[in-house]
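Right, one structure below, let's go through it.
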Amino acid sequence: MKPRTYLRIASVLTLVHSAMHTIGGVFGTAPPGPAGVAEAAMKANQFQFMGVTRTFWEFHRGMGLALTIFLTAEGLVFWLLGSLAERDAAALWPVLAVFMLGYLAFAVDSLVYFFALPVVFEALIALCLGLALAGAKTAQAARPLR
């Protein structure tokens, strides 16, 4: 397959990851028991931070939404890079390498601090980016020297 195809697959996987993170992570409800108690404590205690009054729940929710925003932006960028790959895939090599390494690190972070489902998505996204990289390298080798 061509780099464009792998980038489009990575795009869709990233957008699905974003949607699932938003539904389950940001707007999901904590189960009763220890998780519910922890959530209630995060919501109940306000403190001053850099001139504003916040709770740990607001920081938690805000960071969750920030991740949703970045996942959505990355999904759209991967789609756009797929279009650019049609013209000059080899020129995208450094960008794709950075994103691939980022998603590998993201997968390790999720493995250590979260659970398996995001690890699967992040590993698949990294794989698609790696395959797009391999295709971009092949495209570069096939180009005549200038």
**Fill in**
So the helices (runs of 4 or more DSSP H) completely within region 27-146 holding 1 or more residues that are under 18 Å from the mean Cα position of the chain (by Cα) and on the phi < 0 side of the Ramachandran plot are 56-88, 93-113, 116-142
**Asked** Residue check: is L133 surrounded by fewer than 17 Cβ atoms within 10 Å (Cβ to Cβ) and either of a type outside the set (D, E) or within 16 Å of A10 (Cβ to Cβ) (or both)?
**Response** no
**Message:** Suppose we keep only residues that are of a type in the set (D, E, K, R) and part of a helix (DSSP H, G or I) within region 1-26. Which one would you say is nearest to K137 (Cα to Cα)?
**Reply:** R4
**Prompt:** Which one of these does W79 not meet: (1) out of contact with any strand residue (DSSP E or B) (no Cβ under 9 Å at 6 or more places or on another chain); (2) free of Cβ contacts under 8 Å to residues at least 60 places away in the same chain; (3) of a type in the set (F, W, Y); (4) surrounded by 15 or more Cβ atoms within 10 Å (Cβ to Cβ)?
**Reply:** (2)
**Message:** Any residue at all in region 121-136 that's modelled with pLDDT of 95 or more, in contact with an Asp or Glu (Cβ under 7 Å, 6 or more places away or on another chain) and within 25 Å of I23 (Cα to Cα)?
**Reply:** no
**Message:** For region 44-64, give me each residue that is exposed (fewer than 14 other Cβ atoms within 10 Å of the Cβ) and under 30 Å from V16 (Cα atoms).
**Reply:** F59, G62, M63
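The values are calculated or read from the model by the stated rules, or taken from the named source; none is laboratory data. From a predicted model like this one, the values you see are computed outputs, not experimental measurements. Please note: Cβ atoms are built from the backbone with ideal geometry, for glycine as well, and neighbour counts cover all protein chains shown.
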